[in-house]
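Please read the structure below before turning to the comments.
The values are calculated or read from the model by the stated rules, or taken from the named source; none is laboratory data. Please read all numbers here as calculations on a predicted model, not as lab measurements. With ideal geometry, Cβ positions are generated from the backbone for all residues, glycine too; neighbour counts draw on all protein chains shown.
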Amino acid sequence: MLIVLRALWRLFFSYRPDAAAIGQKSGNAANGDKGTNFEVERKFRLKDDELDTFRGRLADMGFTLAQTIAMTDRFLPVKVEGEMLRVRDETIGATTHTVLTIKEWVEIAGGKERRESESHLSRSARSFMLSVGRLVRGKELLQFSKVRKEHGSPSHPHVIITIDEVEGLGANSGHYAEIEVLVPQDGNVEAARSQIASLARQVFNDEREPVKASYMDMLKLVSTL
């Protein structure tokens with residue numbers, strides 16, 4: 001599985017071959033790979049007393065609850081600052097599976113966005129990646145959990161709006177909303193940014209500033225490992 005090899009490389013080396021040169025094309029679904037996309041998303045803090053209003057506005061905009069996912073994220077060490085290597089366990093109903101994700105910052109269309117590659121992991125591959133990650137780090141991996149409620153709309157087929165209930169981040173625990181558009185590597189990132197900004201104005205009814213820190217950044221602030 002190509003993404004596992006790429007992940008192992010990131011654990012030990014700082015050199016980064018071009019994604020195209022190693023055959024990671026957008027839309028490659030072989031062997032469980034979800035391919036590589038730009039993850040154009042913005043995250044917003046939600047106060048507890050905003051939840052009902054937020055859900056109501058989502059419904060008014062045509063977004064309905066698609067699924068509820070319990071997630072546990074574990075972060076593996078990487079050699080390049082700002083990259084992310086994550087093993088995520090997802091439980092939907094009675095089914096649990098694991099996803100390996102690589103994220104890296106890319107300059108595109110006058111800004112920076114995350115380029116994301118993902119693939120499902122088998123039990124043995126999951127165990128192997130976590131063991132290697134712990135060995136490289138020299139101690140237990142950073143981890144936190146959240147319950148994610150994903151909302152979708154037929155009018156916005158490429159948009160996912162989520163409500164996350166996050167635990168394990170100290171003062172940053174609580175509720176967050178994320179508006180996300182996955183854009184193929186040859187897609188229109190600027191259009192995705194504009195769409196997210198427009199949807200954010202509608203659902204919040206104001207010009208709310210997104211949270212710049214990632215969940216991993218927040219986790220590092222409270223970690224005593």
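Among the residues of the stretch 76-103, those that are charged (D, E, K, R) and at pLDDT 95 or above comprise Lys79, Glu83, Arg86, Arg88, Asp89, Glu90, Lys103. Residues in the stretch 202-225 that are assigned to a loop (DSSP other than H, G, I, E, B) and in contact with a strand residue (DSSP E or B) (Cβ under 7 Å, 6 or more places away or on another chain): Arg208, Pro210, Ser223, Leu225. Is it true that Val166 is surrounded by 15 or more Cβ atoms within 10 Å (Cβ to Cβ), modelled with pLDDT of 95 or more and closer than 21 Å to Phe38 by Cβ? Against the criterion (surrounded by 15 or more Cβ atoms within 10 Å (Cβ to Cβ), modelled with pLDDT of 95 or more and closer than 21 Å to Phe38 by Cβ), Val166 does not qualify. For first residues located in the stretch 160-189 and over 18 Å from Ala70 (Cβ atoms), partners that are buried (at least 17 other Cβ atoms within 10 Å of the Cβ) and basic (Lys, Arg) and lie 6+ apart or on another chain with Cβ distances below 7 Å form the pairs Ile179/Arg42. Every condition in (1) modelled with pLDDT under 95; (2) surrounded by 14 or more Cβ atoms within 10 Å (Cβ to Cβ); (3) outside any helix (DSSP H, G or I) is met by Ala70 except one, and the failing one is (1). Inspection of the stretch 32-51 finds no residue satisfying the criterion of being exposed (fewer than 13 other Cβ atoms within 10 Å of the Cβ), over 30 Å from Glu207 (Cα atoms), more than 20 Å from the chain's Cα centre (by Cα) and at pLDDT below 95.
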